[in-house]
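Novice: The structure follows.
Each value in this text was obtained by applying a stated rule to the coordinates, not by laboratory testing. Every value quoted in this text rests on a predicted model; they were computed, and no experiment measured them. Note that we place each Cβ from the backbone using ideal geometry, even for glycine, and neighbour counts take in every protein chain shown.
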Amino acid sequence: MANNGEKDWKTALKVAISANLGWGFELFDLVVYLYVATTIAPLFFPSSSKIASLLLFLLTIVIGYFARPLGGIFFGHYGDRIGRKRLWFVSLAGMGIATVSIGFLPTYYQIGILATVLIILLRIVQGFFLAGEWGGGMTLVNEFSPPNLRGLMSGIQQGGAALGLIFAVIANEVALALAPGSAFQAYGWRIMFWFGVVPLAIALAIRWKVGESIEWLNKVANNPEKVPIATVFKKWWKLVIIAAIVLFSSGSIYYGIIAYMPTFLGLYTNLSAYQIDNVVLATNLIWLFISPLTGYLSDLLKVRKLLIAILGFIIGALVYPIIILLATGSYILSIIAGLVLGFLFAFQYSIFPAWLSENITTNVRYSYIAFSINLGVALSSFAPYIVTFLGLVFNNPVTGIAVFDIITSILGGIVALMSPRDRVGLELH
């Protein structure tokens, strides 16, 4: 058993920051993809209808994200058997290579259907490696954290998702400056993917210095599970279902509103690209800075599942007013809506890693977390497609987003209450 002295907060903080940067880069990939959706959809999925091209393009997100549960099983298996660190590093490097490669792809007009096939394949590769990154980060951060600081360190890690959107805003501004006007459609969108080299290099440099998990070394290294995911399915299948549904709920808000925000504002308002960037920036800056505080609040209150549930209900109640404010096209009202959404989402999102880690044993923790969360998020990757489609069905984009996200938020809140009793502040199993 590792003692608390070995789990000092300074080492835990270093691991949490590494996880923050890695997760930021991983989410940078998806957000950049959505940022340029309306620009490059016709380049890879040409159609007489702009919306039809966009819908086909958004389906590639779904295809890529359904590689994530498989990646979760792979990285979880070896992460539980041979150690967390190496798998965590490999997942980030693989993801980075795939992301930057998208910037070099020829378009449909250059090589025909092969361009479509290549972008789909790279999305699949991204989804596979991304599964190991997020699950590995959640596992390592909580295994390094002192028992009374797991929520705080989880909040630091989860703030990386907001950092990904901030990276995307910076990349968009750089690309617009280097390729203004029609040049953006010609080659400017490629710059946004190439920009990913910067956060990738920073994240890899910091991650290289992270050591192996004390929990894993002391409890599992000498006697690992032969097939960790089989043990998870046999003993904790109910936990898998609960975690997957709660993460589906949260992911639907993220992909259906927050990450979708640039596409929504670009399609349905007259806000300039600069103003849209600032709305996205405001949403994610409050998320980045509030996430550690709200994570720590769950440590102090010693409740996690109740907070997750309450916040799911609150988000569900406020989804419609928030979308209404965004749809007004008012710059100020959109920023206010973004700030409210960013705060509420960050509060719930920051609690997930500690909540998940405290419910499972060390010998299968990586496998359980990586598979469960990536299954949930794979399902939520339908959100951009669904809200766009429902907007057409209802002939109202606001209604399309609101109907879907109200239902998923409330569902997640209800299911969170079914999870096991909180073990806040106690040693990990």
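Novice: Please list, in chain and number order, the residues 5+ apart from Thr361 or on another chain whose amide H is under 5 Å from its amide H, with Hs placed from the backbone.
Specialist: Those lying under 5 Å, H to H, from Thr361: there are none.
Novice: Something else about it: Under 10 Å, Cα contacts only: if you run a Gaussian network model on the chain, which one of Val340, Val387, Val279 comes out with the highest mean-square fluctuation?
Specialist: Among Val340, Val387, Val279, the largest GNM mean-square fluctuation belongs to Val340.
Novice: Let me ask something else about it. Read phi for every residue in segment 291-297 and hand back ³J(HN,Hα) as whole Hz from Karplus 6.51 cos²θ - 1.76 cosθ + 1.60, θ = phi - 60°, with x for Gly and Pro.
Specialist: Ordered by residue, 3J(HN,Hα) equals 4, x, 5, 6, x, 5, 4 Hz.
Novice: Same structure, new question: Among [x] -0.96; [y] -0.62; [z] -0.79, only one was calculated for this model; which label is it, if the read-out is log10 I(q)/I(0) by the Debye sum over Cα atoms at q = 0.10 Å⁻¹?
Specialist: [y]
Novice: Across segment 85-98, in residue order, what do the Karplus-derived ³J(HN,Hα) couplings come to in whole Hz, using 6.51 cos²θ - 1.76 cosθ + 1.60 with θ = phi - 60° and x for Gly and Pro?
Specialist: So the J values, rounded to whole Hz, are 4, 4, 5, 5, 5, 4, 4, 5, 4, x, 4, x, 4, 5.
Novice: For the chain, take the longest principal axis of its alpha carbons; what is the angle in degrees between that and the long axis of helix 68-82, to the nearest 10 within 0 to 90?
Specialist: 30 degrees
Novice: Of Glu133, Glu143, Glu225, which has the largest mean-square fluctuation in a 10 Å C-alpha GNM of the chain?
Specialist: It is Glu225.
Novice: Further question: Tabulate in residue order the Karplus-calculated ³J(HN,Hα) for segment 307-322, using 6.51 cos²θ - 1.76 cosθ + 1.60 with θ = phi - 60°, rounded to whole Hz; enter x for Gly and Pro.
Specialist: 5, 4, 5, 4, 5, x, 5, 5, 4, x, 6, 9, 4, 4, x, 5
Novice: Points 7 angstrom from Cα along the Cβ direction at Trp208 and Gln185: gap in nanometres?
Specialist: 4.2 nm
Novice: Then there's this: Got a sec? Which residues in segment 151-191 would a label at Tyr109 touch, if it sits 7 Å along Cα→Cβ and we count backbone N under 13 Å?
Specialist: Under 13 Å, as judged by backbone N against the label point of Tyr109, lie 182-188 of segment 151-191.
Novice: Taking the convex hull of the Cα atoms, report for segment 342-429 its projected area averaged over all directions, in nm².
Specialist: That works out to 6.7 nm², a quarter of the Cα hull's surface.
Novice: Right, another one. Taking a ≥ b ≥ c as the square roots of the Cα gyration tensor eigenvalues, with a/c under 1.5 meaning rounded and otherwise prolate when a/b beats b/c, else oblate, which class fits segment 26-169?
Specialist: Since a/c reaches 1.5 and a/b is larger than b/c, the shape of segment 26-169 is classed as prolate.
Novice: Could you check the simple spin-label distance between Ala201 and Ala273, using points 7 Å along Cα→Cβ, in nm with one decimal?
Specialist: That separation, rounded to one decimal, is 2.4 nm.
Novice: Work out how much length Leu301 to Leu333 would gain on full extension: take 0.36 nm times their residue separation and subtract the Cα-Cα distance, in nm to one decimal.
Specialist: Going from the current span to full extension adds 8.2 nm.
Novice: How far is it, in nm, from the label point at Trp9 to the one at Ala93 when both lie 7 Å from their Cα along the line to the Cβ?
Specialist: Modelled inter-label distance: 3.4 nm.
Novice: OK, next. Residues with amide H under 5 Å of Ser213's amide H, sequence separation 5 or more or different chain, H placed in the peptide plane at 1.01 Å from N; which?
Specialist: Result for Ser213 returns Arg84, Lys85.
Novice: Express in nm, to one decimal, how much length is gained between Lys50 and Thr399 on full extension, taking 0.36 nm for each residue of separation and deducting their alpha carbon distance.
Specialist: 123.6 nm
Novice: If you build a Gaussian network model of the chain, linking Cα atoms that sit under 10 Å apart, which residue out of Trp88, Trp194, Trp134 swings the most?
Specialist: Trp194
Novice: Among the lysines, which have Cα under 16 Å from the Cα of Lys226 when same-chain residues fewer than 8 positions away are ignored?
Specialist: Reachable lysines: Lys234, Lys235.
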